[in-house]
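Working notes, structure below.
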Amino acid sequence: MKGTRIRRAVRVDRRAVSPVIASILLVAITVILAAVLYVMVSGLLSSAPAIDIMTFALEPRGENVSLQVVTVSPGKVPSQTYLLIRDASGNGLLPLRPWANFTFDRWAENKVLYQDANPAVEDIRPGDLLLLSIAAYPSGSTVFATDGANVLGSRTL
């Protein structure tokens with residue numbers, strides 16, 4: 001078999017995909033990747049909902065303990081901000097009541113007094129105090145501040 005030529009099984013002159021189809025595929029892949037990237041980034045950049053927060057500093061004062069407001073979300077007013085106190089076992093010591101009820105005239109009833117450090121401003125502000133009777137609310141009791149729907153903050157005595 002001296003004179004026989006072996007033919008190649010793969011031809012070099014044929015293209016697998018035409019240049020037009022290859023260009024369309026490249027553009028489509030690029031558009032899809034850009035859309036996926038946009039969806040991922042837009043989800044990361046969206047702002048989280050605001051969280052209402054209230055924190056307290058605890059200070060013993062003789063037969064009482066004071067809870068001074070350290071941080072508070074804006075727009076919280078005493079008539080729409082509530083206090084709830086539970087003992088160490090979770091039993092209710094003070095039912096849900098608005099801060100506006102904690103006046104000097106009602107001390108005998110609640111054993112809690114709200115002292116507004118900024119009387120010219122209606123909102124609860126840092127520096128405002130809650131004075132609680134240690135006899136009514138012993139050590140281990142937990143004080144919860146709430147807006148009626150969400151707990152804004154808590155502190156264990």
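Here are the numbers for the structure shown:
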| read-out | value |
| --- | --- |
| For the range 87-139, size of Cβ-based charge dipole, Lys and Arg +1, Asp and Glu -1, in debye | 140 |
| Cβ-placed point charges (K, R +1; D, E -1), dipole of the range 54-156 about Cα centre in debye, nearest 20 | 180 |
| Cβ-based charge dipole, the range 54-156, positive-most Cα from 92, 102, 150 | 92 |
| Difference of contour (0.36 nm per residue) and Cα-Cα distance, residue 41 to residue 109 | 19.0 nm |
| Normalised per residue, the volume of the convex hull around the Cα set of the range 54-156 (Å³) | 90 |
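Each reported figure results from applying straightforward, stated rules to the coordinates on display, with no laboratory input. Fair warning: this is a prediction, and the values are worked out from it, not measured in the lab. All Cβ positions, glycine included, derive from the backbone under ideal geometry; neighbour counts span all protein chains shown.
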